[in-house]
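Participant: So that we are looking at the same thing, I have put the structure below in structure tokens.
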Amino acid sequence: MGARVARLFRDFNLENRVHREIGKAKPEVAPRHLTHMDPVQSTEVTEINDAIHKRNDPLLGLLKSVYVESKDPTEAPKEVTEENVEERRPLKFNLPGDPYGMVELTDVPKGKLSIAEALKALNNHKNAPRTWTLDKVAQEYSLDLKDTKALLEHFIPFEVKIIPPKTKDDSKQIKDT
């Protein structure tokens, strides 16, 4: 019953009130405040603009000394000379099949490792650090001694531990009586 009475007062003369509200003049926009700029600051701004657009001869001379040489990618490659060829070594270890969808590698540059070789070297050093010393790993894979030290110090291969399931004899169970 109370909702009906509230609705009557709320809806009383609603149309006239709406027309009166729509017919009112729109409120005026608040006036914009004038900005005050210091004369010192405005001269600084003009000086900066002048400096930006002024011609700088020393920089222009340096720019003229730059020489850009572009090559056509469709052009045939130059002949391979002995100077351009970097020393390569055959892979010591490779994963069977087509690993990770990559093309199978047959050799790598000296001083570099493939992923499979890096994992093998790390695992050998981890399992037998006395036989696979820093020097032996560097010599085996034609690596720099400093790079080999960083490799063995900062990278650790994952260790997978398989925990066997408990047998019924080992587990303690409450048996019903």
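The values are calculated or read from the model by the stated rules, or taken from the named source; none is laboratory data. Everything numeric here is computed off the predicted structure, so don't read it as measured data. Here the Cβ is made from the backbone with ideal geometry for all residues, glycine too, and neighbour counts use every protein chain on show. Side chains included, ligands, DNA and RNA excluded: accessible areas come from the protein's heavy atoms. Shrake-Rupley method; radii C 1.70, N 1.55, O 1.52, S 1.80 Å.
Participant: Picking from LEU143, LEU151, which residue would you name as being assigned to a loop (DSSP other than H, G, I, E, B) and modelled with pLDDT of 90 or more? Full working, then the answer.
Facilitator: Values: LEU151 fails: assigned to a loop (DSSP other than H, G, I, E, B).
When all the criteria are applied, what remains is LEU143.
For every residue, the table says whether it meets (1) closer than 25 Å to LEU105 by Cβ; (2) acidic (Asp, Glu); (3) touching a residue at least 60 places away in the same chain (Cβ under 8 Å); (4) surrounded by 12 or more Cβ atoms within 10 Å (Cβ to Cβ).
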residue	(1), (2), (3), (4)
HIS125	yes, no, no, yes
PRO129	no, no, no, no
THR133	no, no, no, yes
ALA138	yes, no, no, yes
TYR141	yes, no, no, yes
ASP147	yes, yes, no, yes
LEU152	yes, no, no, yes
GLU159	no, yes, no, no
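Participant: Quick test of your reading of the structure: MET102 fulfils all but one of (1) of a type in the set (A, V, I, L, M); (2) modelled with pLDDT under 75; (3) open to solvent by less than 90 Å² (accessible area, probe 1.4 Å). Name the failing condition by number.
Facilitator: (3)
Participant: On to the next question. Considering the range 100-156 alone, what residues qualify as being β-branched (Val, Ile, Thr) and touching a helix residue (DSSP H, G or I) at 6+ places or on another chain (Cβ under 9 Å)? Explain how you work it out, then say what you get.
Facilitator: Quick first cut of the range 100-156, residues β-branched (Val, Ile, Thr) only: 103, 106, 108, 115, 131, 133, 137, 148, 156.
VAL108, ILE115, THR131, THR133, VAL137, THR148, ILE156, listed by residue number.
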